[in-house]
Every structure is written in structure tokens, then in C-alpha cells.
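The values are calculated or read from the model by the stated rules, or taken from the named source; none is laboratory data. Given the structure is predicted, the values throughout are model-derived calculations rather than measurements. Reconstructed Cβ throughout: ideal geometry from the backbone, glycine too, with neighbour counts over all protein chains shown. Protein only, heavy atoms only, side chains kept; ligands, DNA and RNA dropped before computing areas. Shrake-Rupley method; radii C 1.70, N 1.55, O 1.52, S 1.80 Å.
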Amino acid sequence: VFRVINGYHRDPEDAMEVLQDTFLKVYMARQTWERRTSFRAWLYRIAINASIDRYRRGDKGRVSSLDDVAESQVQKSATLMKPGSPLDRLRDGERRRVIEEAVRRLPERQRQVVSLRYFGEMQLEEIAHTLGCPLGTVKSNLHKAVHSLKNLLLDQKEALSYE
């Protein structure tokens, strides 16, 4: 759930607050969940809505301090824990940042589909149910998102290269 939410926010602290809000909303609205539907889809829908709400009312142009960026990188590297040299870890962090920024630049529906598919690891049918749209629409949005990401990331080729 955090990875889906983090796709909407630059600041990990904002994402953590939205995560807390999401689970509070889930707890408060637990009686509204229909048992015949997927809990996972219901949970992700609440998380996406909470992320969108926070994004709309938040300070979109806020600049992070150097300490915040460093703390963010420490948090991300702690969750991934890859062996390698400091230079490799720095490159991996930069690649992750470039990819996350490219995902944030996608139109909202495409960002939702990508977040649920790759960060939430949901099947296409689950995404369609969660977003309340036909399966074909999900497939189309995913295809467009992947194509857009490819174009966005080609501009950032040097940050993504291994050499």
C-alpha cells in the first residue's frame, strides 16, 4: 500500500501520513466493505483517493531540504538492501528517483493503473474492479502509460545507464 501511495507523493513523510490516513479510513469504514468484493481492491481504492485528496490540498511546489532528501534515500535503501558499492547504490537511487518522477508526470488514470499494477502488484481484472472501469480501459491505459514512460525515460538515459 505504501508503494502505491508513494507514487503520488515526493515526500516520504507525506506518503506515511497518507498511509496512516488510509488505514484510519479503512478502520472507520470497515462496515461498508462488501464481502463479495476484493478487500485488496477496496483498500487500494481508499489509498488512491486519500493520495489524490492529499495531493490536491497539499503544497505541490514544496522544495525538500537536503536532510529530507538524504533521509528519504536512507529509508528507500533500507527497504531494498542491495549489496554493492556506494557508487552502485547512488546510481540505483538516482534511477529510482528518475522513474518515480516519470510516473508522477503521467496523467492521473495512467498513474493509477501503473501504481496498482507494478507497485500494488494487482492483476488487471482487480485494477478494473478497483477503478470501476472496463478491463479494456485498464489495458489501454497501461499500454499508454508504458509508452509514455518509455518516452519520458529516454530523455533521462544517462541517469538510467549502468556505466
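Some notes on this structure:
Conditions (1) modelled with pLDDT of 80 or more; (2) open to solvent by less than 70 Å² (accessible area, probe 1.4 Å), marked per residue:
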{"position": "Leu80", "(1), (2)": "no, no"}
{"position": "Pro86", "(1), (2)": "yes, no"}
{"position": "Glu101", "(1), (2)": "yes, yes"}
{"position": "Arg109", "(1), (2)": "yes, no"}
{"position": "Val113", "(1), (2)": "yes, yes"}
{"position": "Tyr118", "(1), (2)": "yes, no"}
{"position": "His129", "(1), (2)": "yes, no"}
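This table checks each residue for (1) among the polar types (S, T, N, Q); (2) at pLDDT below 85; (3) assigned to a loop (DSSP other than H, G, I, E, B).
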{"position": "Met16", "(1), (2), (3)": "no, no, no"}
{"position": "Thr22", "(1), (2), (3)": "yes, no, no"}
{"position": "Lys25", "(1), (2), (3)": "no, no, no"}
{"position": "Arg45", "(1), (2), (3)": "no, no, no"}
{"position": "Ile52", "(1), (2), (3)": "no, yes, no"}
{"position": "Arg56", "(1), (2), (3)": "no, yes, no"}
{"position": "Ala70", "(1), (2), (3)": "no, yes, no"}
{"position": "Gln75", "(1), (2), (3)": "yes, yes, no"}
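- Of all residues making up segment 33-43, the number that are open to solvent by 70 Å² or more (accessible area, probe 1.4 Å) and outside any helix (DSSP H, G or I): 3
- Verdict on Asn151 being polar (S, T, N, Q), closer than 21 Å to Val1 by Cβ and either in contact with a helix residue (DSSP H, G or I) (Cβ under 7 Å, 6 or more places away or on another chain) or at pLDDT below 90 (or both): no
- In segment 137-163, the residues that are under 20 Å from Gln123 (Cα atoms) and open to solvent by 70 Å² or more (accessible area, probe 1.4 Å) reach residues that are part of a helix (DSSP H, G or I) and at pLDDT 85 or above with C-beta atoms within less than 7 angstrom, at least six apart or across chains, in these pairs: Lys139/Leu124; Lys144/Gln110.
- Hits in segment 154-163 (condition: modelled with pLDDT under 70 and aliphatic (A, V, I, L, M)): Ala159, Leu160
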